[in-house]
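**Student:** Provided herewith is a single structure, encoded as structure tokens, for subsequent inquiry.
Nothing in this text is a laboratory measurement; each read-out follows from the coordinates by a stated rule. Just so it is clear, the structure is predicted and the values come from calculations on it, not from any experiment. Here Cβ is always computed from backbone atoms with ideal geometry, including for glycine, and neighbour counts include all displayed protein chains.
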Amino acid sequence: MISLVLTSCAEKKEFQNAAFLSTSAFADSIKKSPDALLIDVRTRKEYLSGHIPGAENINWANMGLFEYRADRWDPEKPILLYCSVGGRSTGARRGLIKKGFKRVYELDGGFISWRAAGYPKTTTSEHDGMSRDSFDSLTRSKKPVLIDFYTLNCSPCRQMEPIIHEIADMNSFDVVTINIDEHPLIADTLHIHTVPTFHIYKNNRLTWSHIGRVSKEKLLEELRP
């Protein structure tokens, strides 16, 4: 059990209901607690370049997605978090404690310390969605381009769908919708952390951006030359 690892680890640094674990204690916790959730809170690009075997990637910077996933976790299960050096995993740990999770543990020194200690890591060629080059090709249109960044679980995104479809049906503008859960790399590259987010490009240049719901009239105002 993780609690036994904690009480026997001389390097622990406890903070209320959570604790930092040394690399050796973190590795032991993974082995001894098969029901624990092992979460890599870095960006998708960082995760793909190398991560702890068995870790699931949920980018802490994508607050909406992280909270959506956390709301579906069992608060009684242990959660093991890590990022590169410790900053983002600390933010995630504190957020989970506020939600009522009691067994949240963080890798002290992050993935860098894990790798430096010689523990195993793995890389993956998992599909990462749209590349930056592919995205840039969408914005080179002669028409103004409206990009709608959304997720399936986002209620405001669904409320905006009729407006986006109406604008697309006008055939005066190019309209592109991008699910950031399916295209995490481009979301990270463009710092899209909240949905819905709207970008408008003219002559391959970003001319307007907006987070949250917006009226059809405002979108058309920004799209027109």
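**Student:** At R0 = 22 Å, how high is the FRET efficiency between residue 165 and residue 206 if r is their beta carbon distance? Nearest 0.05 is fine.
**Tutor:** E(calc), rounded to 0.05, equals 0.45.
**Student:** A further question on this structure: Against the 2.2 N^0.38 Å scaling, with N counting residues, where does the stretch 132-223 land? I'd like the Cα-based Rg ratio to two decimal places. Could you put the intermediate results ahead of the total?
**Tutor:** Values: Rg = 12.2 Å, N = 92, 2.2 N^0.38 = 12.3 Å.
Normalised Rg, Cα atoms only: 0.99.
**Student:** If every alpha-carbon in the stretch 179-225 counts as one equal scatterer, what log10 I(q)/I(0) does Debye give at q = 0.28, 0.31, 0.33 1/Å?
**Tutor:** -1.09, -1.15, -1.19
**Student:** Mind sorting 73, 60 by how few other Cβ atoms lie within 10 Å of their own Cβ, fewest first?
**Tutor:** Working: 73 14, 60 23.
By the 10 Å Cβ count, ascending: 73, 60.
**Student:** Let me ask another. In the calculated pair distance distribution of the chain, what percentage of Cα-Cα distances lie above 26 Å? Before the final figure, lay out the partial values.
**Tutor:** Numbers: 11383 of 25200 pairs.
I get 45 percent for the Cα pairs in the chain exceeding 26 Å.
**Student:** So how tilted is helix 155-169 from the main axis of the chain? Cα-based, degrees 0 to 90, rounded to 10.
**Tutor:** 30 degrees
**Student:** Moving on. So in the chain, what percent of DSSP beta bridges are antiparallel if you round to the nearest 5?
**Tutor:** Values: 15 of 34 bridges.
Roughly 45 percent of the beta bridges in the chain run antiparallel, per DSSP.
**Student:** Based only on other Cβ atoms within 10 Å, what is the fewest-to-most ordering of 22, 209? Present the calculation step by step, with values, prior to reporting the outcome.
**Tutor:** Working: 22 18, 209 15.
Ascending number of Cβ neighbours within 10 Å: 209, 22.
**Student:** Please report 169, 28 as a ranked list, fewest other C-beta atoms within 10 angstrom at the top and most at the bottom. If you can, show how the numbers build up before the last one.
**Tutor:** Details: 169 9, 28 17.
In increasing order of surrounding Cβ atoms, one gets 169, 28.
**Student:** Under the rule of -39500 (n - 2.57) per DSSP H run of 4 or more residues, summed and divided by the residues of the chain, what mean residue ellipticity at 222 nm is obtained, to the nearest 500 deg cm²/dmol?
**Tutor:** Values: 10 runs with 86 residues, N = 225.
Roughly -10500 deg cm²/dmol at 222 nm, from the helical runs in the chain.
**Student:** Right, here's the next one. Can you list, largest first and rounded to whole Å, the semi-axes you get for the stretch 2-116 by taking the square root of 5 times each eigenvalue of its Cα gyration tensor? Walk me through the numbers on the way to the answer.
**Tutor:** Numbers: eigenvalues 74, 59, 31 Å².
Semi-axes (√(5λ), whole Å): 19, 17, 12.
**Student:** Kindly provide the trypsin sites (Lys or Arg not before Pro) of the stretch 80-167 that DSSP labels as loop, not H, G, I, E or B, and whose Cβ sees at most 11 other Cβ atoms within 10 Å. Mind showing how you got there, number by number?
**Tutor:** Working: sites: 88, 93, 94, 98, 99, 102, 103, 115, 121, 132, 140, 142, 158; in loops: 99, 102, 103, 121, 140, 142.
Filter output for the stretch 80-167: 140, 142.
**Student:** Using a 10 Å Cβ count of at most 15 others and DSSP loop calls, identify the longest part of the chain lacking such GluC sites (Glu not before Pro).
**Tutor:** Details: sites that count: 11, 76, 126, 182.
Between exposed loop sites, the widest span is 12-75.
**Student:** Moving on to the next point. Across the stretch 111-221, how many lysine pairs separated by 8 or more positions, or lying on different chains, have Cα atoms within less than 20 Å?
**Tutor:** Values: 142/202; 143/202; 143/216; 143/218; 202/216; 202/218.
Close lysine pairs found across the stretch 111-221: 6.
**Student:** Next question. I'd like the Kirkwood hydrodynamic radius of the stretch 29-72, using the inverse of the mean 1/r over distinct C-alpha pairs, in Å.
**Tutor:** Kirkwood radius, the stretch 29-72: 11.3 Å.
**Student:** Between residue 140 and residue 71, what is the FRET efficiency for a Förster distance of 41 Å, r being their Cβ-Cβ separation, to the nearest 0.05?
**Tutor:** On the way: r = 39 Å, r/R0 = 0.96.
That gives a FRET efficiency of 0.55.
**Student:** Find the relative contact order for the chain and round it to a whole percent, using C-alpha pairs within less than 8 Å whose residues are 6+ positions apart.
**Tutor:** Details: 382 pairs, mean separation 41.8, N = 225.
Relative contact order, the chain: 19 percent.
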